[in-house]
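Student: Encoded as C-alpha cells, here's the structure I'll be asking about.
The values are calculated or read from the model by the stated rules, or taken from the named source; none is laboratory data. If you're wondering where the values come from, they're calculated on a predicted model, not measured in any experiment. So basically every Cβ, Gly included, is an ideal-geometry build from the backbone, and we count neighbours across all protein chains shown.
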Amino acid sequence: MANMIEARGLTKRFGETQALAGIDLNVPAGTILGLLGPNGAGKSTALRIMTTLTIPDSGSCLVGGFDVLHEAAAVRRTIGVAAQDATLDELLTGRENLVMVGELGRMRRSAAKNRAEALLVEFDLTEAADRVVKGYSGGMKRRLDLAASMMTRPPILFLDEPTTGLDPVSRNRVWAIVRELVSEGVTVLLTTQYLEEADQLADRVAVIDRGRVIADGTPAELKRVTGGAQLEVTLSQADTRSRHVLAPMVEGEIIASSDGRHLRAPVSETRGLVTRAVRALDEANIDVEDIAVHQPSLDDVFLRLTDKKLTQKDAA
Amino acid sequence: MSQSVISAPSARGGSSTGGAIKDVWVMTKRNLRHIAREPLQMSDVTIQPVLFTLLFVYVFGSGIPIPGGSYADFVLAGLLLMNLTTSSMGTAVGLTTDLSTGVVDRFRTMPMWGPAVLIGRSISDVLTSMMCALIVAVTGLAVGWRPDAGPAPILAGFAIALLFAYAMAWLCGCVGLVAKSAETAQSVGFLVLFPLAFVSNALVPTHGMPGVVQVIADWNPVSAVTAACRQLWHNPNPSATSSAWPMQHPVVISIVYSLALIAICAPIASVLYKRRTTS
C-alpha cells in the first residue's frame, strides 16, 4: 500500500526550543495514524509542516505524493485541515464559513451549499447554522472546524486534537464520521492527548515526546509496552482465596499490598470485568470494598516508554 | 483505490486566472459581510463624514474667508479627502484582526490564490470608500456645496479621489501587516494619517501657513487630490495661485502619486504578508 503521508527527518527550532528533533512518519493510504503526546511534544508543529503552514529547518515530507516545500499548491488541493485553534471567521455564520471554504477549495457555489448543508446535519449544527460563529460554544466551533476540513472531500485529512473540548456524545459522533471517511478510502493523521482516542480510531500510533517519536506501533503493541489496563480490588479484610477467584479473569501476576487487602493485576478484556469479578468474589463470600479497572493514562504510557528507553540505553 | 484518491486533486482544478478572480471575489464578499454584521464599525465612513461636514461648514467655515466662493464650496473636496484618508485605517485594522485569528491559517491550507486575501481587502475597502464619498457628496449638497461643472468632470474628481483612497488602503495594509495588534495598527495609523489629512489645503487655504508647513502642505498628496477635485468641480481653489509644481498640475500629480503609492506598497504588502504568515 502506498504511503499518502511520508515524513523524513523533520526538524524545527523556535528560538531556544527544539520543537522537532527529527521525526519520521508513514501513513499508508486509507489508514489513520494517531500522533500521541502531551502538550508541547511537537505534535502541532509536525502537523503544521505537513499542512504547508510551517517550513521545517531540515527534512522532507511528501503528502499525497507531493512535496510540502516545493509543491505546496498541489498539497493544498489534496488536504483538509482542522487546526487546534479554531480557524473560522467569527463574523460569518457557520453556513457562510463552510460555503466560503468550499468556494476557496474550487467548488461550485451550488455544490458548496449542498455539501455545507450535509455537513451541518452530520455535525449536528443545523440549528446554529445561520448564527454568527462568535456566539458559538467551544465545542460547536470545534465541530464546525472539522466540518470545514471535510468540505471539499479531500483524500487526506489532518485533524489536530479533533475531540478536545467536545462532550462525549459529540466525540462519539466525530469518531463515527472519521471511521466512515476512512472506510471510503480517506487517509487521516490526527493528533491527540488521549490514549483512548488513539486506541479507538488509529490503525497505528506514534508517540511523540520532546520532538521525537519514542514509540510507534498499533494500539495493541503500544499497550503491551505500557502494560495495558489494570484491575484494582480493595477487600474489607485480607483473604488468600481471592487470588484463586480472580486468577481466571486476569493476565499475569496478581500483586497484593502488604496488608493483603489491595490487589492489582493486568487485564486485557475489560468489558463486564468488574461485574464478573464482584459476582465471583461475592459467591466466595469475600467482601469487596472497592473495585475498578484502571486504564493506562498517557502518564502511564510515558512513564513506561521513558523507562524502557533508559533501560535500553543502559543495556547498550 | 489509492489511484483514484491520488488523482482527485487534479479533478478539482488548479489556480487558473478564473480561480484567482473568484478567490478575490470570495474575500471581498467576506469583508463586506463583516461590515453588514458590525455596522457601527463603519461609523468613520457613515457618521463621521456627516458630522465633519456640518462641523466645518457651520463652525469653522464662518471664520474662514474664501476668495471667490463660499466655504462650503471650498471645503467639500477637502472633507472628502480627509474622510477617505482617515478611513483607510480600516484596512490596517482589518488585516491585523485577520492575522490575530486563525482564519489566515485556514486560507493558507486552501488551494486559493494567496494575494486574494490582500486584494479582496483593498477592494472591499474601496467599496466602503465609495459609500463614504456618496455620503460626503449628499451632505455637501444639503449644506450648500454646488459643483459648477458637467457630470463627466464631477465624476472624474470622485474617481481620482477614490483612486487615492485605494492607494492609501495599500499603504495602510503595510501598516496593518507590521502591527502586532489592531490597537497598534490604529494608533500608528492615526500618527501617519492625521498629519497627512490636516497639513494640507483640505480645510484651509495654505497661503496663511508658515513657510516650511506651506511647502509640506503644497507637496502633500492629499492637497494635490483636493486641488484636483476643486479644479474639476470648478469650486474655489486658492492653491491654484501657489507656485509649487503639484498645485499647478493637481490632476496629473494626483494620479502619479496614487499609482506610485500602489506600485510601491502593493509589492511590499505581499512580501510582508508572506513573511508574517510563514514560520
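Student: Can you tell me which residue among A:Leu104, A:Leu35 is assigned by TED's automatic domain parsing to the domain that holds A:Phe158 and under 18 Å from the mean Cα position of the chain (by Cα)?
Tutor: Values: A:Leu104 fails: under 18 Å from the mean Cα position of the chain (by Cα).
After ruling out the rest, the residue left standing is A:Leu35.
Student: While we're looking at this one, here's another question. Can you report the number of residues in segment A:142-199 which are in contact with a strand residue (DSSP E or B) (Cβ under 9 Å, 6 or more places away or on another chain) and assigned to a helix (DSSP H, G or I)?
Tutor: Number satisfying all stated conditions: 15.
Student: Please go through segment A:27-58 and pick out each residue that is farther than 12 Å from A:Thr11 by Cα, more than 14 Å from chain B (Cβ to nearest Cβ) and either surrounded by fewer than 21 Cβ atoms within 10 Å (Cβ to Cβ) or without any contact (Cβ under 8 Å) to a residue 40 or more places away in the chain (or both).
Tutor: A:Pro38, A:Asn39, A:Gly40
Student: Considering segment A:102-120 alone, what residues qualify as being touching a residue at least 40 places away in the same chain (Cβ under 8 Å) and facing chain B (nearest Cβ under 7 Å)?
Tutor: A:Gly105, A:Arg106
Student: Follow-up question, since we're still on this one. Out of all the residues in segment B:1-39, which are within 16 Å of B:Thr91 (Cα to Cα) and either within 7 Å of chain A (Cβ to nearest Cβ) or at pLDDT below 85 (or both)?
Tutor: Those that are within 16 Å of B:Thr91 (Cα to Cα) and either within 7 Å of chain A (Cβ to nearest Cβ) or at pLDDT below 85 (or both): B:Arg30, B:Arg33, B:His34, B:Glu38, B:Pro39.
Student: Shifting gears a bit: A:Thr275 passes all but one of (1) at pLDDT below 85; (2) part of a helix (DSSP H, G or I); which number fails?
Tutor: With respect to (1) at pLDDT below 85; (2) part of a helix (DSSP H, G or I), A:Thr275 is out only on (1).
Student: Modelled with pLDDT under 95, under 19 Å from A:Val132 (Cα atoms) and within 27 Å of the chain's Cα centre (by Cα): does that describe A:Ala74? Write out each step before concluding.
Tutor: Working: modelled with pLDDT under 95: yes; under 19 Å from A:Val132 (Cα atoms): no; within 27 Å of the chain's Cα centre (by Cα): yes.
So A:Ala74 fails the test.
So that you can scan it fast, the table gives a plain yes or no per residue for (1) away from chain B (no Cβ under 14 Å); (2) crowded, with 23+ Cβ neighbours inside 10 Å; (3) under 20 Å from A:Met4 (Cα atoms):
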{"residue": "A:Pro154", "(1), (2), (3)": "no, yes, yes"}
{"residue": "A:Val169", "(1), (2), (3)": "yes, no, no"}
{"residue": "A:Val182", "(1), (2), (3)": "no, no, yes"}
{"residue": "A:Leu189", "(1), (2), (3)": "no, yes, yes"}
{"residue": "A:Tyr194", "(1), (2), (3)": "yes, no, no"}
{"residue": "A:Ala215", "(1), (2), (3)": "yes, no, no"}
{"residue": "A:Ala220", "(1), (2), (3)": "yes, no, no"}
{"residue": "A:Lys223", "(1), (2), (3)": "yes, no, no"}
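Student: Can you tell me which residue in segment B:106-126 is surrounded by the most Cβ atoms within 10 Å (Cβ to Cβ), limited to those that are in contact (Cβ under 8 Å) with a residue 40 or more places away in the chain and facing chain A (nearest Cβ under 7 Å)?
Tutor: My answer is B:Met112.
Student: How many residues are in contact with a Lys or Arg (Cβ under 9 Å, 6 or more places away or on another chain) and of a type outside the set (Asp, Glu) if we restrict to segment A:107-124?
Tutor: Residues meeting the conditions: 6.
Student: Could you please tell me which pairs satisfy a Cβ distance under 6 Å, a separation of 6+ or placement on different chains, a first residue in segment B:41-60 that is charged (D, E, K, R), and a second residue that is assigned to a helix (DSSP H, G or I)?
Tutor: Taking only residues 6 or more apart or on different chains, the pairs are B:Asp44/B:Ser87.
Student: Which residue pairs have Cβ atoms under 7 Å apart, sit 6 or more places apart or on different chains, and have a first residue in segment A:81-98 that is under 10 Å from B:Arg106 (Cα atoms) and within 7 Å of another protein chain (Cβ to nearest Cβ) and a second that is among the hydroxyl-bearing types (Ser, Thr, Tyr) and in a helix (DSSP H, G or I)?
Tutor: Between residues of segment A:81-98 that are under 10 Å from B:Arg106 (Cα atoms) and within 7 Å of another protein chain (Cβ to nearest Cβ) and residues that are among the hydroxyl-bearing types (Ser, Thr, Tyr) and in a helix (DSSP H, G or I), the close pairs are A:Val81/A:Ser149.
Student: Could you check segment B:206-279 for helices (runs of 4 or more DSSP H) lying wholly inside it with 2 or more residues that are exposed (fewer than 14 other Cβ atoms within 10 Å of the Cβ) and either free of Cβ contacts under 8 Å to residues at least 12 places away in the same chain or out of contact with any Asp or Glu (no Cβ under 8 Å at 6 or more places or on another chain) (or both)?
Tutor: Answer list for segment B:206-279: B:211-219, B:250-277.
Student: Check A:Thr306, A:Thr311 and return the single one that is within 24 Å of A:Lys223 (Cα to Cα), in contact with an Asp or Glu (Cβ under 8 Å, 6 or more places away or on another chain) and modelled with pLDDT under 70. Quick ask: steps written out before the conclusion?
Tutor: Working: A:Thr311 fails: in contact with an Asp or Glu (Cβ under 8 Å, 6 or more places away or on another chain).
A:Thr306 is the lone residue from the list that is within 24 Å of A:Lys223 (Cα to Cα), in contact with an Asp or Glu (Cβ under 8 Å, 6 or more places away or on another chain) and modelled with pLDDT under 70.
Student: Answer yes or no: is there a residue in segment A:131-139 that is in contact with a Phe, Trp or Tyr (Cβ under 7 Å, 6 or more places away or on another chain) and farther than 27 Å from A:Asp216 by Cβ.
Tutor: No, segment A:131-139 has no match at all.
Student: Going through segment A:162-196 one residue at a time, which ones are among the basic types (Lys, Arg) and within 21 Å of A:Thr218 (Cβ to Cβ)?
Tutor: The answer is A:Arg179, and nothing else.
Student: Which residue out of A:Val174, A:Val233, A:Val207, A:Val169 is modelled with pLDDT under 95 and under 24 Å from A:Gln18 (Cβ atoms)? Give the derivation first.
Tutor: On the way: A:Val174 fails: under 24 Å from A:Gln18 (Cβ atoms); A:Val233 fails: under 24 Å from A:Gln18 (Cβ atoms); A:Val169 fails: under 24 Å from A:Gln18 (Cβ atoms).
A:Val207 is the lone residue from the list that is modelled with pLDDT under 95 and under 24 Å from A:Gln18 (Cβ atoms).
Student: Something else about it: Those residues that are touching a helix residue (DSSP H, G or I) at 6+ places or on another chain (Cβ under 8 Å), surrounded by fewer than 20 Cβ atoms within 10 Å (Cβ to Cβ), within 16 Å of A:Ala86 (Cα to Cα) and touching a residue at least 40 places away in the same chain (Cβ under 8 Å), I need them from segment A:121-140; list them, please.
Tutor: Hit for segment A:121-140 is A:Val132, nothing else.
Student: Still on this model: Go through segment A:77-101 and give me each residue that's of a type in the set (D, E, K, R) and at pLDDT 95 or above.
Tutor: If the condition is that a residue be of a type in the set (D, E, K, R) and at pLDDT 95 or above, then A:Arg95, A:Glu96 are the ones that fit.
Student: Being crowded, with 19+ Cβ neighbours inside 10 Å and free of Cβ contacts under 8 Å to residues at least 12 places away in the same chain: is that true of A:Glu16 here?
Tutor: no
Student: Let me ask you something else. Give the residues of segment A:65-80 that are at the interface with chain B (Cβ under 10 Å from one of its Cβ atoms) and crowded, with 23+ Cβ neighbours inside 10 Å, sorted by residue number.
Tutor: A:Val75, A:Arg76, A:Arg77, A:Thr78, A:Ile79, A:Gly80
Student: For segment B:25-72, give me each residue that is aliphatic (A, V, I, L, M), more than 30 Å from B:Thr206 (Cβ to Cβ) and loosely packed, with under 13 Cβ neighbours inside 10 Å.
Tutor: B:Ala36, B:Leu40
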